[in-house]
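S.K.: Quick one: structure below, then a few questions.
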Amino acid sequence: MTTSCFDRDDEKFIVLINHEGQRSIWPHWKAVPGGWEVVQGIKGDKKTVLDYIDKAWTDMRPYSLRIAMGDTVDKEKDKVADVSIVGTSNVVPIGA
């Protein structure tokens, strides 16, 4: 029986974001699926990237709903990790 790459303790993950601002973890070596982009600056073990998502993705409403409700969104800012909200001990810069 094989273990999913999402369940391996030694796996390194990145964070993805889609056009609606939804986030997902993704194994760093897998091709990024269509409709998703890499959040630059965050890569680490599963706990690190899940902690990052938990702290960075505080508004679960899709961008389109937030805009329709009169809120502003900064899609470009969301594509770059704010490592100040997660400790950097397990984070490896993208490209490393």
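S.K.: Please name all residue pairs, on different chains or six or more residues apart, with Cβ atoms under 7 Å, provided the first residue is in region 58-87 and is under 19 Å from E37 (Cα atoms) and among the aromatic types (F, W, Y) and the second residue is at pLDDT 85 or above and in a loop (DSSP other than H, G, I, E, B).
M.R.: As it stands, the answer is Y63/E20; Y63/G21; Y63/V73, since those pairs meet every condition given.
S.K.: Considering only residues that are in contact (Cβ under 8 Å) with a residue 12 or more places away in the chain and assigned to a helix (DSSP H, G or I), look in region 1-15 and name the one that is farthest from the chain's Cα centre (by Cα).
M.R.: C5
S.K.: Please indicate, with yes or no, whether at least one residue in region 33-42 is modelled with pLDDT under 95, at positive phi and in a strand (DSSP E or B).
M.R.: Within region 33-42 (the criterion being modelled with pLDDT under 95, at positive phi and in a strand (DSSP E or B)), the answer is yes, since at least one residue qualifies.
S.K.: Checking the structure you have, find out if any residue of region 16-27 is touching a residue at least 12 places away in the same chain (Cβ under 8 Å), in a loop (DSSP other than H, G, I, E, B) and either touching a strand residue (DSSP E or B) at 6+ places or on another chain (Cβ under 8 Å) or among the hydroxyl-bearing types (S, T, Y) (or both). Outline the logic, then answer.
M.R.: Taking region 16-27 first, the residues touching a residue at least 12 places away in the same chain (Cβ under 8 Å) are 16-27.
Now drop any that are not in a loop (DSSP other than H, G, I, E, B), which leaves 19-22.
Next cut, either touching a strand residue (DSSP E or B) at 6+ places or on another chain (Cβ under 8 Å) or among the hydroxyl-bearing types (S, T, Y) (or both) only: none.
No: zero hits.
S.K.: Here is a check on your reading of the model: is V49 modelled with pLDDT of 85 or more, under 15 Å from E20 (Cα atoms), within 12 Å of the chain's Cα centre (by Cα) and not in a loop (DSSP other than H, G, I, E, B)? If you could, list the steps in order and put the result at the bottom.
M.R.: Values: modelled with pLDDT of 85 or more: yes; under 15 Å from E20 (Cα atoms): no; within 12 Å of the chain's Cα centre (by Cα): yes; not in a loop (DSSP other than H, G, I, E, B): yes.
Criteria not met by V49.
S.K.: Can you tell me which residue is surrounded by the most Cβ atoms within 10 Å (Cβ to Cβ) among those in region 68-96 that are modelled with pLDDT of 90 or more and among the hydrophobic types (A, V, I, L, M, F, W, C)?
M.R.: In this case the residue turns out to be A68.
The values are calculated or read from the model by the stated rules, or taken from the named source; none is laboratory data. These numbers were taken from a predicted model, which means no experiment stands behind them. Cβ: placed from backbone, ideal geometry, glycine included. Neighbour counts: every protein chain shown.
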